[in-house]
Structures are given as C-alpha cells and as structure tokens.
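Just below is one structure, and these are the notes that go with it.
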Amino acid sequence: MDDIEKELEQVQNEEELAVFHKNYLSKTGKLTMMLAGLKDMIAEQRAEAGKRLNELKRAIEVKFFQKQAALRAKAVNEKLKNDPLIDITVPAIDQPRGSLHPITLVTRRIVDICRSMGFLVVDGNEVVTEFENFDAVNIPSDHPARDMQDTFWLTNGKVLKTQTSAMQHEILKKYGPVVSAIFPGRCYRNEATDASHEFAFFQCEGMMVGKDISIANLIYVLKTLLSGVYGKEINVRLRPGFFPFVEPGFEYDASCPFCGGKGCPVCKHSGWIELGGCGMIHGNVLQMAGVDPSQYQGFAFGFGLTRLAMMQYAINDVRLLNSGNLEFLRGIKR
Ligand code: FA5
C-alpha cells in the first residue's frame, strides 16, 4: 500500500497519472487482477482477503481522484497565468444569471415526486413511427380518433409524436409486464395556435402495470403526484371519458389548488381544474406489446405539462413559453 501511495505522490502530470491508472486500477491493472485472483483461494481465506483488498483498492482510488483533481486545477491555473488574453484581475461583470425555464421546473418537480414513488422516468423520441403513435395504442388507420390530433407527417412515413401515449408500447415491451413509469415529453400537433394551443407543447404520462392494479391505485397515484406538485392536499375526481387506449376511460379534474375548491378565476369558479385523461390500459394495447391482459392489468394517465406550468406560474398565453422572450422569463416568480 505504502509503495503504491508513494508512486502516486510522485506523479507529476496527467500523462503519468494515466500510466498509474493503467498499471493499478484499469481492467488489467495489478489491483484489479489481484481481486480477480481471489477466486482461486480457499473459501475461508477468500472473504478476509477480499475485504482487505477491496478496502485497499478503494483507498487508492480516492487518492487517485484527489490527485487527478489537483493536477487539473494546476493545469488550469497555469493556463490562466500564462495566457496573455486572459486577465484574471479584471473584476467580474455583474451579469444577471440564467434561470430554469418554467417547463423544466415543473418537469423536475414531477420527476422527483414520481421517482419517490418508485416510478421509472423514461425519455422518449420526438420522432416516432405511425405504429407507435397510433396503431399500438389502439388507434388503427380508419379510427376517427386520428383526426383529433392533427399530425405532422414526415416524408419518411414517421410522425412527430402527437401524444406521450406513443411511448406506451415501447415501455411495455422493454420493461413489462410489471412496470411503473412516467414519461414527460414534447408533443406536436398541427394546431392553429392561440393563447391555449401551441403546435409544440409538453405532456406528461404515467403508467403502472402489474398484477391486481386497479383504479384505486390510479386515484392514489394522481392524488399523491398532484399534492406533491402543489404542496397541499389535492382531491381528484374522475368523469367518464373516451380515449381508445383505455377502457374504462376517464377525464380527471383536480380540486383547484389556488382557491382550495371555493371557486376563483383560475378554475372558472367551479372549484375544479380539468387536467387530462386516464383509465385502465386497453387489453389490445397490452397484447400488442406482448403483455397478457388476462394476467396483468394497469392504468395510464396523461396531462398537459405545459398547461400545469401555465397555472403554476400564472402564464396566460402558452405562446410565451416558446417565444424566447427574456422579459417574460425574467418576470416569472420562481
Ligand atoms: C391525450 O393526448 C391522451 N394521450 C392523454 C391520455 C393519456 C389519456 C393516458 C388517457 C390515458 P389530449 O389530446 O386530451 O389527450 O391531450 C392531453 C392534454 O395535452 C390536454 O389536456 C392539454 O392540456 C394538452 N394539449 C393538447 N393539445 C395541446 C396544444 N395544442 N397546446 C397545448 N397543450 C395541449
């Protein structure tokens, strides 16, 4: 141990450090080889020797990273000192710093809450196949539901994702049949834009599939998620609603977080805010992804993440979010 440490202390630059790493810590390094050699020892000795060797390797690794940081800092300082174009004595200009976009803030909040409930967070493509966006979620080519989402078709036959539901199939195939996942993402629809409709906007979708998953689980997850987002107890109510990929399907509302359900301009004095759609995943969707609907079932829910951010930050025109208008962004109270 002492010899290895001494050798590390004598390292003068990053090239020598790389050689040290190769000799001791890389896949073929001495310490790694010694650990690999443990398998040939008799069982009684193996545990004790393994523990000591692991401790030794970890201690060397810590010293290695410390040395690496010190060498890098030294190199940067030397560059700063010797570069005639950089004058480190000039006082820093008091520039306003950047800040996170409201969509990013809301996404992070949702992701944190869902992670704490054990959900996977999946990042999906914006360009998807026609099959993923429609057929795999039970919207075949002759289904009228296709007309509800005016789609940007690409010349190669693919589409710009019109809904995060387009990721259900891939997630079920990759992680199913037992999976809990959320998948926020940018969606595109060929809309005539106005204060509440953009052609590019964010949705967030969640899905839980397994044995004995029920609507009670769906309501619990929605309540926990929304209460976390708003930092107060939120109630959820379901109304019958149609989406081809869920059966039964619902629209769901959250009790207004701004007035506590008493009625205010945000909830149009109803006490409830319409958030999105949800329901039990249709058997056809499960089957197409190779999940047996007689054994497994689950729920899915989706909502307009952009809309949530607009309510959270009192933004009255969705077009401002993509506008790149710094005045607007600076005015947002985070
Ligand atoms: C859907 O897209 C379903 N995929 C949601 C779903 C998921 C239902 C899972 C059931 C199970 P819808 O078309 O209603 O549903 O869109 C959901 C939300 O996206 C809307 O409530 C709205 O907040 C948001 N949204 C839709 N179009 C736009 C748009 N052009 N601009 C801004 N937000 C939009």
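The values are calculated or read from the model by the stated rules, or taken from the named source; none is laboratory data. Quantities reported herein were computed from a predicted structural model and do not represent experimental measurements. Because the Cβ atoms are built from the backbone with ideal geometry, glycine has one as well, and the counts that use them run over all protein chains shown. What goes into the accessible areas is simple: the full protein's heavy atoms, side chains included, and nothing from ligands, DNA or RNA. Shrake-Rupley method; radii C 1.70, N 1.55, O 1.52, S 1.80 Å.
So which residues in the range 149-177 are closer than 13 Å to C187 by Cβ and hydrophobic (A, V, I, L, M, F, W, C)?
F152, V159, L160, A166, M167
Taking the range 159-172 as the region of interest, how many residues are in a loop (DSSP other than H, G, I, E, B) and either of a type in the set (V, I, T) or open to solvent by 80 Å² or more (accessible area, probe 1.4 Å) (or both)?
So the answer is 1.
Please give the helices (runs of 4 or more DSSP H) falling wholly within the range 1-119 in which 1 or more residues are under 30 Å from S180 (Cβ atoms) and either open to solvent by 70 Å² or more (accessible area, probe 1.4 Å) or modelled with pLDDT of 90 or more (or both).
Output list reads 102-116.
Identify all residues within the range 190-213 that are near the ligand (Cβ under 7 Å from one of its atoms) and of a type in the set (S, T, N, Q); write none if there are none.
S196, Q203
Exactly one condition in (1) within 10 Å of the ligand (Cβ to nearest atom); (2) more than 26 Å from I213 (Cβ to Cβ); (3) open to solvent by less than 60 Å² (accessible area, probe 1.4 Å) is false for C187; which is it?
Exception for C187: condition (2).
Would you mention how many residues in the range 295-334 are assigned to a loop (DSSP other than H, G, I, E, B) and among the charged types (D, E, K, R)?
The number of residues fulfilling the criteria is 3.
Looking at this structure, is F242 in the same structural domain as P184 (by TED's automatic domain parsing) and surrounded by 15 or more Cβ atoms within 10 Å (Cβ to Cβ)?
no
Please work out which one of (1) within 10 Å of the ligand (Cβ to nearest atom); (2) in contact with a helix residue (DSSP H, G or I) (Cβ under 6 Å, 6 or more places away or on another chain) is the condition L321 fails and give its number.
For L321, the failing item is (2).
For the range 130-155, enumerate the residues that are touching a strand residue (DSSP E or B) at 6+ places or on another chain (Cβ under 9 Å) and open to solvent by 50 Å² or more (accessible area, probe 1.4 Å).
Scanning the range 130-155 gives E130, F152, W153, L154.
Say whether the condition of being assigned to a strand (DSSP E or B), touching a strand residue (DSSP E or B) at 6+ places or on another chain (Cβ under 8 Å) and in the same structural domain as C187 (by TED's automatic domain parsing) is met by at least one residue in the range 228-236.
yes
Find the residue count for the range 275-294, including only residues that are open to solvent by 50 Å² or more (accessible area, probe 1.4 Å) and assigned to a helix (DSSP H, G or I).
Adding up the residues that qualify gives 3.
Looking for something without any contact (Cβ under 8 Å) to a residue 60 or more places away in the chain, more than 10 Å from the ligand (Cβ to nearest atom) and at positive phi - is there at least one such residue anywhere in the range 137-159?
Within the range 137-159, one or more residues are without any contact (Cβ under 8 Å) to a residue 60 or more places away in the chain, more than 10 Å from the ligand (Cβ to nearest atom) and at positive phi.
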